């Protein structure tokens, strides 16, 4: 019986957490606190990890972040 009670409590807490998460509105996030200093994103590239530029057509990739940052344009500051 204790295990059923414990599982029920976990279930109720999970529902409450999910409800709170669903209530979060993305528009409420203060954009001035978001800092994006690079258009390079670390991704899997030919079965290895690499850095791809999401700002350039075709998302070209490089093996290291420095090479990507040197070729990829910086994001516009708002």
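Just so you know, all these numbers are worked out from the coordinates, no wet-lab data involved. Worth saying up front: this structure is predicted, and the values here are computed from it rather than measured. No Cβ is skipped: glycine too gets one built from the backbone with ideal geometry, and neighbour counts run over all protein chains shown.
Highest mean packing comes first when the peptides 55-66, 1-12 are listed by Cβ atoms within 10 Å, giving 55-66, 1-12.
By the count of other C-beta atoms within 10 Å, a proxy for reagent exposure, 70, 38 are ordered fewest to most as 70, 38.
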